[in-house]
Amino acid sequence: MTPNLHLWLIPLLPLAGAAINGLFGRRFSRRAVSSIALGFCGAAFAMALWVVAQFSALSLPYSEYFAPWIRAGSFQADFAFYLDQLSLVMLLVVTGVGFLIHIYSVGYMWEEGGFYRFFSYLNLFMFFMLTLVLANNYLLMFIGWEGVGLASYLLIGFWFTKDSAAAAGKKAFIVNRIGDFGFLIALFLLIKHFGSLNFVQVFHRIAPLRPETTGAGLLTAIGLLLMVGAAGKSAQIPLYVWLPDAMEGPTPVSALIHAATMVTAGVYMVARSHVILDRAPMALMVVAIIGTLTALFAATIGVAQTDIKKVLAYSTISQLGYMFMACGVAAYSAGIFHLMTHAFFKGLLFLAAGSVIHAVGGEQDMRKMGGLRTKIPWTFWTMTAATFAIAGFWPFAGFFSKDEILWQASRVSFVYWGIGVFTAFLTSFYMFRLWFLTFFGEYRGEAKAAHGGGEHQAGIHESPKLMLAPLVILAVLSVCGGWVGSVRFERFLTPVLQAGSGASVSNVSTNALASANERKDEVSSETLLTAVALGAAALGLYLAFLMYYQRPQLPDQIAASLGGFYDAVVHKYYVDDLYATLFVKPLLDASTRILWQGIDRDVIDAAVDNGADGAREISDSVRHMQSGNLRSYAGWIAAGAAGVIAYMVWMGTR
């Protein structure tokens with residue numbers, strides 16, 4: 001007998017924490033606020049682990065009806081939850097990594113104002129993210145999708161008195177609305193042509209359809225529109241511009257939203273929609289191209305950034321590009337595998353960066369750091385594990401997932417593979433650049449003489465144990481999180497990611513979904529390509545060592561020799577300036593001149609003002625009718641009676 005999992009409790013637990021802290025947290029102590037936030041989030045994680053324990057006894061996919069929602073003719077959408085292998089992976093990542101970040105946040109935000117508000121927002125984010133990954137239909141997924149956008153806006157702009165933080169929150173919210181517009185149109189098309197948004201029903205009706213190999217059709221349009229939504233949420237070209245600015249939020253926000261969970265929602269949605277994309281090879285190719293270009297583009301920008309969080313922000317965009325590259329070559333399991341390992345090492349990188357910033361009194365410029373490895377050793381060693389993981393060195397977690405993506409990409413096109421390997425080289429270079437600038441050499445920051453001499457002269461100190469414990473756990477996962485192996489992980493996800501996929505879906509899908517026996521015949525090729533990727537990572541490490549440890553004057557010389565190109569990279573290819581010129585300023589001017597001055601002030605305000613004057617004149621005239629004179633009233637009655645009689649006579653003659 002299939003057990004009842006009560007999945008609805010998993011998202012509702014953090015919602016309860018958000019409501020309690022949000023409504024009453026101002027009256028509570030910080031200890032009480034943190035206990036509530038951690039207690040409800042930890043309970044959600046515990047329930048997720050219980051679901052894992054029951055998983056083998058389930059009849060999959062498992063659905064759980066919660067409440068009725070929308071009924072319109074034959075269309076219906078319910079509050080119902082859905083569990084299969086894919087949503088289970090996402091459930092563990094969201095609750096597990098999210099709980100660790102909640103623990104870290106208690107230490108990081110302890111002295112900040114609005115403590116209760118921050119944890120209310122964190123719990124609210126967890127509710128919406130869990131709703132997104134557990135939804136059994138696209139409409140409920142969209143509720144979670146919009147909800148994480150709202151929570152992201154609140155958390156990015158948490159320090160709302162800071163203009164840059166408020167602007168970053170608005171930018172994230174607006175850019176995501178552009179992507180959401182595409183997502184909504186895709187949902188409308190699904191309703192019109194398939195009559196449902198339920199995953200099982202939609203995919204069952206699409207599965208018999210033939211691939212659109214001769215041109216763009218309905219499924220291609222739906223696939224491209226879904227990719228527009230995914231590009232907004234997961235910061236892909238051209239909608240990536242919000243994520244670097246989102247670093248204005250507190251560092252735990254960067255770790256939770258912009259590394260481990262929210263930005264991966266687009267990847268999850270694309271993988272969930274694989275039945276559609278497998279029958280739309282043109283849309284699948286667009287996913288691969290956008291992902292590949294985003295991975296390269298963001299990596300080149302990350303090379304020249306000096307803010308430690310901005311480097312990690314562009315690294316996140318680049319790694320998300322890898323995930324979309326994998327989905328674009330129909331290697332969905334490889335993309336989800338990298339999503340999982342990325343949550344470990346990128347969440348750790350952001351939290352360790354927060355520990356560094358905490359240690360040096362809020363400084364984020366790597367040029368003002370250095371020599372910290374002996375002063376904050378726990379932070380150093382945990383961040384080292386994450387750095388080697390993201391660079392793709394064996395036996396760290398990132399090696400296994402990134403190698404699988406590159407291998408699957410090579411089976412479709414060596415162009416994808418070549419760009420992916422070059423991006424891996426850039427990733428290794430800029431991450432070890434960060435590593436050397438932060439932890440090696442002499443300390444280059446301003447001394448703060450509050451505590452005497454020596455190490456205390458700079459005020460440098462290790463983070464409290466409450467912040468270090470999540471770092472250690474994530475460091476262990478960054479080392480061994482990939483040992484499950486890509487083949488075993490693919491086998492686990494096969495019932496989901498190959499359901500409804502025909503053998504003749506497309507050349508892309510056929511190549512990417514090759515059987516395990518075929519892969520054994522290609523071991524020598526895979527080994528060679530793996531060696532090349534490892535060589536690229538090693539080259540990146542060597543060049544970073546040469547330029548930022550052995551010969552620290554070399555970067556300035558190279559930058560001077562590159563001239564305008566280096567300036568373009570430093571200024572992020574002027575994309576933000578271009579967007580401001582083409583879109584932001586014209587819209588602001590139009591809203592100022594047309595909506596405010598033209599309509600609001602000249603039309604609405606004028607109408608109200610003129611109308612008030614006209615009403616005053618009319619009322620002044622009419623009030624003279626109320627003279628208090630009986631003869632006057634009798635005259636008006638007689639005139640009215642005569643008018644009524646005349647009207648009745650006229651009607652009688654018709």
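The values are calculated or read from the model by the stated rules, or taken from the named source; none is laboratory data. Everything numeric here is computed off the predicted structure, so don't read it as measured data. Don't worry about glycine lacking a Cβ; one is built from the backbone with ideal geometry, like all the others, and counts go over all protein chains shown. Accessible surface is based on the protein model in full, side chains and every heavy atom, while ligands, DNA and RNA are left aside. Shrake-Rupley method; radii C 1.70, N 1.55, O 1.52, S 1.80 Å.
In table form, for the structure just shown:
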item	result
Length-normalised contact order of the chain in % [C-alpha pairs under 8 Å, at least 6 apart]	12
Additional length obtainable on full extension of the chain from Leu23 to Glu64, 0.36 nm per residue less Cα span	11.8 nm
Folded to 0 to 90 degrees: helix 115-134 orientation relative to the chain principal axis, Cα	90
Cα long-axis angle, helix 308-328 against the chain (0 to 90 degrees, to the nearest 10)	90
Net dipole in debye of the chain [+1 Lys, Arg Cβ; -1 Asp, Glu Cβ; about Cα centre; nearest 20]	700
Whole-Å distance, taken between Cα centres, linking the stretch 7-43 and the stretch 322-348	31
Cut-off of 10 Å, at most 13 other beta carbons, DSSP loop: longest stretch of the chain lacking such chymotrypsin sites (Phe, Trp or Tyr not before Pro)	161-482
Where labels lie 7 Å past Cα in the beta-carbon direction, separation of Ala167 and Trp596 in nm	1.6
Under the Karplus curve 6.51 cos²θ - 1.76 cosθ + 1.60, θ = phi - 60°, whole-Hz ³J(HN,Hα) for the stretch 559-565, x wherever Gly or Pro sits	4, 5, 6, 7, x, x, 5
Solvent-accessible area, 1.4 Å probe, carbon plus sulfur percent, for the chain	65
Neighbour count of at most 10 Cβ within 10 Å plus DSSP loop: longest GluC sites (Glu not before Pro)-free window in the chain	112-441
Pairwise centroid distance, computed over Cα atoms, of the stretch 237-299 with the stretch 61-136, Å	19
For Asn137, residues with placed amide H under 5 Å, excluding near neighbours	Phe199
Surface accessible to a 1.4 Å probe, per residue, for the residues of the chain, Å²	42
